[in-house]
1. Somewhere in region 78-88, is a residue within 12 Å of the chain's Cα centre (by Cα) and either closer than 13 Å to A36 by Cβ or among the polar types (S, T, N, Q) (or both)?
2. If a residue counts only when it is surrounded by 15 or more Cβ atoms within 10 Å (Cβ to Cβ) and touching a residue at least 60 places away in the same chain (Cβ under 8 Å), which strands (runs of 3 or more DSSP E) contained entirely in region 38-143 have at least 3 such residues?
3. Would you call K123 modelled with pLDDT under 90, farther than 16 Å from V43 by Cβ and over 16 Å from the mean Cα position of the chain (by Cα)?
4. Restricting attention to region 64-90, and to residues there that are touching an Asp or Glu at 6+ places or on another chain (Cβ under 9 Å) and of a type in the set (A, V, I, L, M), which single residue is farthest from G108 (Cα to Cα)?
Amino acid sequence: MKLREMIIGEIDLQNYLIRDNRKKIGIRATERNMPAAVLMDEVGIIQNCCTSFEALFGYPQSELISLHISMIFPEFAQITLINKGTINKRLHYLSHCGHVFTGWDKQGKTKPTKLNLVCLEIKGHFNLRMLVSPHDPDMFQRR
């Protein structure tokens, strides 16, 4: 079994278990209840994504697979994401200091988001898992 198939299988299993568990306890498995996540290889080619990522950006998974992440996040164009098994230092810093990344959905609308990046090593190959949270600038002003 190839590494990519193993990783995709693991994500598919996680998504299945989440949906199955929600059904068992009577919670409707809506896209908003699941974290938006995407898995990329070390150069930023999308390997897999969950249904909430699809819903957030309006692309079906079939259109995202094999595209570069810069199609969604233009900031990621021309950037080395992983170098020698380590996340790009600037990206790592920005994802932990509250930087708002701008994503673009299929309709061309901007989506302000916060990102959390995790580097995964499986059998010597590095992948980047990105968790995406919509950013609501008014969240702290509401009472």
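1. Within region 78-88, not a single residue is within 12 Å of the chain's Cα centre (by Cα) and either closer than 13 Å to A36 by Cβ or among the polar types (S, T, N, Q) (or both).
2. Passing ranges, in order: 125-134.
3. Against the criterion (modelled with pLDDT under 90, farther than 16 Å from V43 by Cβ and over 16 Å from the mean Cα position of the chain (by Cα)), K123 qualifies.
4. Ranking the qualifying residues of region 64-90, first place goes to I82.
The values are calculated or read from the model by the stated rules, or taken from the named source; none is laboratory data. Predicted, not measured: the structure shown is a model, and the values here were computed from it. Backbone-built Cβ (ideal geometry, glycine too); neighbour counts: all protein chains shown.
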